[in-house]
Each structure stands twice: as structure tokens, then as C-alpha cells.
1. Where in segment 26-141 are there helices (runs of 4 or more DSSP H), lying fully within it, with 2 or more residues that are aromatic (F, W, Y) and modelled with pLDDT of 80 or more?
2. For segment 315-344, name all the residues that are surrounded by fewer than 14 Cβ atoms within 10 Å (Cβ to Cβ) and modelled with pLDDT under 85.
3. I'd like the residue in segment 147-173 that is outside any loop (DSSP other than H, G, I, E, B) and of a type in the set (G, A, S) and, out of all such residues, is farthest from L314 (Cα to Cα).
4. Restricting attention to segment 142-154, which residues are more than 14 Å from F43 (Cα to Cα), open to solvent by 10 Å² or more (accessible area, probe 1.4 Å) and either in contact with an Asp or Glu (Cβ under 8 Å, 6 or more places away or on another chain) or modelled with pLDDT of 85 or more (or both)?
5. Out of M111, M121, M129, report the one residue that is surrounded by fewer than 23 Cβ atoms within 10 Å (Cβ to Cβ), of a type in the set (A, V, I, L, M) and more than 18 Å from A80 (Cβ to Cβ).
6. Could you tell me whether I207 is modelled with pLDDT of 95 or more and of a type in the set (A, V, I, L, M)?
7. Please work out which residue is farthest from the chain's Cα centre (by Cα), limiting yourself to segment 345-370 and to residues that are open to solvent by 10 Å² or more (accessible area, probe 1.4 Å) and among the aromatic types (F, W, Y).
8. Which pairs have Cβ atoms under 7 Å, sit 6 or more apart or on different chains, and link a residue in segment 174-188 that is more than 18 Å from A199 (Cβ to Cβ) and assigned to a helix (DSSP H, G or I) to one that is open to solvent by 10 Å² or more (accessible area, probe 1.4 Å) and of a type in the set (G, A, S)?
Amino acid sequence: MGFPRYGAYSRTDTQRVLFMLKPTWKRSPVLSWACYDWANSAFATTVMAGFFPLFFKQYWAAGLDSSTSTFMLGSINACASILVVGFAPLLGAIADRGGSRKRFLLYFALMGIVMTGALYMVEQGGWVMALALYGLAVVGFSGGNIFYDALLLNVAKEREFDYVSALGFAFGYLGGGLLFALNVLMTLYPDAFGLPDTAAAVRLSFILVALWWGLFSIPLLLFVDEAPSPSASWRDNLRGGISQLRTTLSELRALRQVFLFLLAYWLYIDGVDTIVRMAVDYGLALGFASNSLILALLITQFVGFPAALLFGHLGERHGPRKGIVVAIAVYLLVIIWAYQMESEWEFYVLAFIIGLVQGGIQSLSRSFYARLIPIDKAGEFFGFYNMLGKFAAVLGPLLMGGVSLLTGSPRLSILSVALLFIAGVLVLLRVDEAEGRRQAVALGKL
């Protein structure tokens, strides 16, 4: 059962959002697909954005100065992203040819789950081992998302892309936020959970994230179907994947709008990912209390749940590009404010504002891109999409960490991120969605 054409109904915005939810819940593939966002967002929230930067600076790397630990954290994020950049398009091409997107997603998810759980065993001062495990976990998280994003085309029709993509991010904010809230309570009141101290609570949280990630990945593996494909050996799929990748690289020359969008996405998503991964570190550098920073992250999560759904509605009604531009404008205002903020209450306000747009810019970017690409090569094209997104995360953390190391000023480091948003929106404004669709049809791919 597909979604109705909502424009035929005269309802308030709130009623329309609730109305859109109803048919989605009846479709197990959509719900099961969104559950993976619920699952792996526990890593993005508790580990990547929350406890790892905090615990790394205060526990594992307690002997390093603040600027050095910031640089090391930025460097490991960059190294993990470079690994994803190297293999993403080829793996996407192989998965398209072999009908094995779910299988590749499982491999990478297992890698992320195991490495995350292993962080529990790292003792105080073991910053090298902590960085190594975290880097591999990020590879698992990022690599899995290549195939998760591509499966959007398996569970939704084109007119549903904006909303279903937003539903996934909304599930992620809610699921990741619920587990993060539990983990925060553990760190604030370790005695109530039978734990000796806050450090033990943080370490246990890594185990809980791994279990959560694994458990809620199961629905996607069971209920999301892939189109059958002819059986072939691994060698044949590899050879065919390389050939398909070469063909797609040549086709990108004809798909000018895809190329322009990927360039824009590469630039502006860099700013988004950098803020996600480095916000806690920035707050610590300004002298804010760690508990205040964690509370601010919780605010972002729970604001992000309804905001992502509303951005999905905005994309359906006014087009995804307008929604992305609005989100970028908000990010620029946030950066300017963050550059000069002095008080912790300002960090709370900024967390709330970021929550309003973070899920929206991510979900609308995914659905906008899905409109521009050949359906039969979704895995490969989303490989490029994720490759550029993660390659951007190489530049952002290194830029912020490098500026902090060279100048000793965390304020200048956060201000430098604005350049990426500005460049991204200038390129995005040149993307013509209708022309992009025509280009894909002209190649006979849709």
C-alpha cells in the first residue's frame, strides 16, 4: 500500500504528519528499514558524539594536553573516513551486481558492534588502543550506512523518499536518544546501577551500545527484501563490480546534476559531521562542565525526532533543496554564535537549534540524491555518496584540530567550519533536480 498524494487533503500540518505516519507503520519493510537507524544511532550518539570524545580526553588520554588530544581525535576520525573513501564505490558496485547489500551491511555492522564492545576492556591511559578500536568501529558504522542508504530504494517509491528517509533519521534520534539517556543516568548515579564509579558506567555503556546495535539490526535483515540476482562467484562479482564502477565513472560525466550535488554534499556535510564529532571536545576546551555537555546532546536527540519528521514533510511540500538551504543557514548562525559564546546556557540553546535541523539536512540530502540516480545502481551511487560524505569528514576534523593546534584557539577552529557550509550551499544552488531526472532517463537507467 503506497502513500496517498497528500496534496489532495486539506489538513493542518500536525494532522498531515500524523496522517503520513499511519500507512508507514503498516508496512513492515519500511519500519524494519528504519529500525536500523534506531540501532546504529546508539553508536553515533553515545559513542561518537558523546562519551568517546569526553572519555578519551579525561580518561584514556589524561596525560595529553587539550590541543594534542583534540588533534588526535580529529586524526582518527579522518583516518577512518579515508578507509571508507577507498572501498565504498567498489563495494557498492559489487553489492549491486551480487544482490548482497544486506550481506555487506551485516559484515560492517558486526565489525562496528564488536569494536564498540571491545572499548569496555581498554584501561585508563590506553589511548592508543582506544583510538584503534574507535577507528575500526567508525569504519563499521560508516561502511554499513552505504548499504543501508541504498536499501531506501528497496522499501520506498520515489514520491515517498523524503518522508521515509526522514522517518529513518527520526527513529535514529529517538532510539539513540533513549539509550543515551539511560547511559547518562548511569554516569550520574552509578551507585543506583550497582557500579563503583562514573568510569565504570561509561565503559559499560559501550557494551550496551553494542547490544542495542545488534538487536535492532535484526528486523532489517529479516523483513527487507532485495531483488534476486543470478548467483555468481566472489571473483565474478568482483570483476563485474570493477567493470560497473568504470562504467559509472564515465556516466558521471553525463550526469552533471549528480556530480554537482555530490560536490555540494561533500562540502556542507563536512560541517555537519565535524560539529557532531567535535562539539563535546569544543565545549570542554571552553571549560564547560562535562555533565552540561552531555545534557545538551540529549536535548539535540529528542528535539531531532519530531524535527526530522517535519523536515520530511517540508521536503515533500516545497522540495528537498529548499529545506537543505534553510538548514545550512541555521548552521551558519550556530557557528557564529558558538564562536563568541561564554556561558553553558548558550550551549544548551545551540544544542536545541542544531536538533531542529541536523536530522533534516541529513534526511533531505539522502532523498534528494535518490531522485537523481539510476535505480539499478543504487548501491554503487550511494557508495559515491557516502564516500564523499566521509571524505568530507577527513577535512573537517583535521581543519578544526589543526587550527586549534596551530593557534591554541578553539574559537577560531569552530569558526573555520563556516567556510565549508558557505561553499556547499553555493554549489547546491546550481543543482537542477528536473534536469537531473532527465539526464538519468536519457541514459536509459530509469
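The values are calculated or read from the model by the stated rules, or taken from the named source; none is laboratory data. Quick caveat, the model's predicted, so the values are computed rather than measured. We place every Cβ from the backbone using ideal geometry, glycine too, and count neighbours over all the protein chains shown. Side chains included, ligands, DNA and RNA excluded: accessible areas come from the protein's heavy atoms. Shrake-Rupley method; radii C 1.70, N 1.55, O 1.52, S 1.80 Å.
1. 28-42, 52-55, 101-118
2. H318, E342, S343
3. My answer is A150.
4. N154
5. That would be M121, the only listed residue that is surrounded by fewer than 23 Cβ atoms within 10 Å (Cβ to Cβ), of a type in the set (A, V, I, L, M) and more than 18 Å from A80 (Cβ to Cβ).
6. Yes.
7. W345
8. G175/S41; G176/S41; G176/A44
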